[in-house]
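Q: What follows is a structure written as structure tokens; I'll ask about it next.
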Amino acid sequence: MKVLFITLETYPVKTATGNCVMALIRELNRRQIRADVLNITGDSALPEELHSDGVTFYNVFDSRFSSFDQLLKEHKLLALKAAPQRLLHRFTKSDSGKAEAGQTVRLAVNRLKKIGLQYDYLIAVCSHYINGMICDAYCKETAKPFLVYQLDPISTNQFFGLSDQMSEIELALYSDARAIITTPILAAEKQADPAYAALLPKVHPAEFPNVKDLTCADAPASDGKQIECFYSGRFYGTMRDCTFPLEVLSRVQSEQLQVVFAGDGQEDRIESYRGAFGERLRHLGMLPLDESFRKMQEADVLINIGNNVSNQVPSKLFDYISTGKPILNFCKIPDCPTIPYVNRYRLGLNVIEGADTLENQAHAVWQFIDSTRGARMRYEEIQTSFQENTAEYVGRLFAELLTDGVGRG
């Protein structure tokens with residue numbers, strides 16, 4: 001059997017979503033299900049086809065996903081055409097529906113017409129709804145079946161903007177897909193929505209498949225003189241914000257504390273806390289995945305920052321859990337969906353904005369850091385507590401659905 005994942009920016013791993021997809025692909029390949037990727041990318045330097053670790057990546061360049069600076073440097077004509085549309089999007093947030101996605105869908109479907117027939121199933125990775133629209137368009141022409149692997153919400157995703165049109169897109173994808181594999185939070189969301197009542201037999205909950213053994217025995221031990229707290233991830237405006245963690249950590253009364261950020265977004269805001277930390281605050285920018293994992297291994301404490309919505313969990317949390325290191329989990333909202341996971345993790349502390357004074361929270365944070373420095377959970381304990389978050393567990397669900405014909409339609 002052969003399946004093709006439809007993704008954005010996965011070549012082979014760039015985003016958190018790509019990390020999840022690659023974990024599943026390796027597990028499916030282990031189960032003798034060949035899995036490849038059709039990648040929609042804004043990087044025109046990528047070859048149309050590349051091979052890595054037994055996986056074929058078909059790259060489809062779409063200027064919509066290029067930065068304007070990149071277009072201006074490499075494709076000036078495209079940049080001039082894109083400028084008015086991007087200005088309109090900036091002021092109206094209009095990029096949220098079928099019309100704007102048309103170019104991407106056409107490019108990808110044209111490529112699928114050349115390569116798609118060899119695959120038994122297409123799998124739309126809906127960290128972006130466009131991937132689902134691509135599968136839906138192609139499969140209607142060819143009668144191929146497709147699945148939706150939904151890691152992020154569509155109609156209830158504040159990052160895209162809520163609209164009736166987005167609800168129509170999601171409902172159409174659920175109707176046309178052979179099955180939907182989604183997070184337990186989003187599965188519960190659909191169970192509570194009468195519009196999806198007839199479609200619920202298609203919905204299969206699955207956790208993020210990120211838990212793996214990152215409890216490296218050779219990781220450098222803390223020297224006890226400096227205690228590094230490390231955060232890896234992106235900041236998305238009000239969706240995920242660094243202010244609350246920095247407000248708390250800046251009040252910790254210890255010169256030992258070092259705070260290190262890796263990722264992008266809110267660089268100016270991070271820098272504005274330089275006066276409180278001095279050289280004890282560092283911002284590394286974007287790191288390759290393997291480098292980010294190495295920094296996790298070297299840190300004393302890992303920082304997770306929850307989203308400002310109750311239906312999205314940062315998948316990075318499960319990479320953190322995989323290390324066995326202490327985790328400080330900063331939550332913007334009292335019902336942050338990360339809280340139950342950290343409660344199950346023996347070396348975790350939830351810090352909820354507004355639950356106490358910043359000074360008291362800083363004191364609790366330092367007590368946690370001081371009492372857990374050098375501690376590390378064994379992978380056997382992690383695996384027992386978070387078995388449903390392993391690629392083996394989620395991969396088995398995928399394999400069972402695929403080999404069973406996903407309910408035979």
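The values are calculated or read from the model by the stated rules, or taken from the named source; none is laboratory data. As the structure is a computational prediction, the values presented were derived from the model and not from experiment. Backbone-built Cβ (ideal geometry, glycine too); neighbour counts: all protein chains shown.
Q: Given the criterion buried (at least 21 other Cβ atoms within 10 Å of the Cβ) and either charged (D, E, K, R) or within 30 Å of residue 120 (Cβ to Cβ) (or both), identify the matching residue among 389, 329. Outline the logic, then answer.
A: Working: 329 fails: either charged (D, E, K, R) or within 30 Å of residue 120 (Cβ to Cβ) (or both).
Within the list 389, 329, the selection yields 389.
Q: A further question on this structure: Are any residues in the range 251-270 charged (D, E, K, R), closer than 21 Å to residue 362 by Cβ and exposed (fewer than 14 other Cβ atoms within 10 Å of the Cβ), and if so, which ones?
A: Of the residues in the range 251-270, the ones charged (D, E, K, R) are 251, 255, 264, 267-269.
Then keep just the ones that are closer than 21 Å to residue 362 by Cβ; that gives 251, 255, 269.
Selection gives 255, 269.
Q: Hand me the list of helices (runs of 4 or more DSSP H) wholly inside the range 120-222 holding 2 or more residues that are crowded, with 20+ Cβ neighbours inside 10 Å and within 19 Å of the chain's Cα centre (by Cα).
A: Values: elements: 129-142, 164-176, 184-191.
By residue number, 129-142.
Q: Considering only the range 17-58, state which residues are in contact with a helix residue (DSSP H, G or I) (Cβ under 7 Å, 6 or more places away or on another chain), part of a loop (DSSP other than H, G, I, E, B) and at pLDDT below 95.
A: 42, 44, 54
Q: On the basis of being buried (at least 19 other Cβ atoms within 10 Å of the Cβ) and among the small types (Gly, Ala, Ser), does residue 324 make the cut?
A: Working: buried (at least 19 other Cβ atoms within 10 Å of the Cβ): yes; among the small types (Gly, Ala, Ser): yes.
It is true that residue 324 is buried (at least 19 other Cβ atoms within 10 Å of the Cβ) and among the small types (Gly, Ala, Ser).
Q: Does residue 335 satisfy being surrounded by fewer than 18 Cβ atoms within 10 Å (Cβ to Cβ), without any contact (Cβ under 8 Å) to a residue 12 or more places away in the chain and not in a helix (DSSP H, G or I)?
A: Values: surrounded by fewer than 18 Cβ atoms within 10 Å (Cβ to Cβ): yes; without any contact (Cβ under 8 Å) to a residue 12 or more places away in the chain: no; not in a helix (DSSP H, G or I): yes.
For residue 335, the condition - surrounded by fewer than 18 Cβ atoms within 10 Å (Cβ to Cβ), without any contact (Cβ under 8 Å) to a residue 12 or more places away in the chain and not in a helix (DSSP H, G or I) - is not met.
Q: Residues 373, 396, 346, 378: which one is surrounded by fewer than 23 Cβ atoms within 10 Å (Cβ to Cβ), among the basic types (Lys, Arg) and not assigned by TED's automatic domain parsing to the domain that holds residue 291? Steps first, please.
A: Numbers: 373 fails: not assigned by TED's automatic domain parsing to the domain that holds residue 291; 346 fails: not assigned by TED's automatic domain parsing to the domain that holds residue 291; 378 fails: not assigned by TED's automatic domain parsing to the domain that holds residue 291.
Being surrounded by fewer than 23 Cβ atoms within 10 Å (Cβ to Cβ), among the basic types (Lys, Arg) and not assigned by TED's automatic domain parsing to the domain that holds residue 291 holds for just one of 373, 396, 346, 378, which is 396.
Q: Oh, and also: Can you find a residue in the range 72-95 that is of a type in the set (Phe, Trp, Tyr) and either modelled with pLDDT of 75 or more or assigned to a strand (DSSP E or B) (or both)?
A: Step one: list which residues in the range 72-95 are of a type in the set (Phe, Trp, Tyr), which gives 91.
Okay, now just the ones that are also either modelled with pLDDT of 75 or more or assigned to a strand (DSSP E or B) (or both), so none.
No, every residue in the range 72-95 fails to be of a type in the set (Phe, Trp, Tyr) and either modelled with pLDDT of 75 or more or assigned to a strand (DSSP E or B) (or both).
Q: Sticking with this one: For the range 124-170, give me each residue that is among the aliphatic types (A, V, I, L, M) and at positive phi.
A: From the range 124-170, those among the aliphatic types (A, V, I, L, M) are 124-125, 130, 133-134, 137, 143, 147-148, 151, 154, 162, 166, 169; that's our starting set.
Selection gives 143 alone.
Q: Please find, within the range 174-196, the residue that is nearest to residue 311 (Cα to Cα) out of those that are in contact with a Lys or Arg (Cβ under 8 Å, 6 or more places away or on another chain) and of a type in the set (A, V, I, L, M, F, W, C).
A: 180
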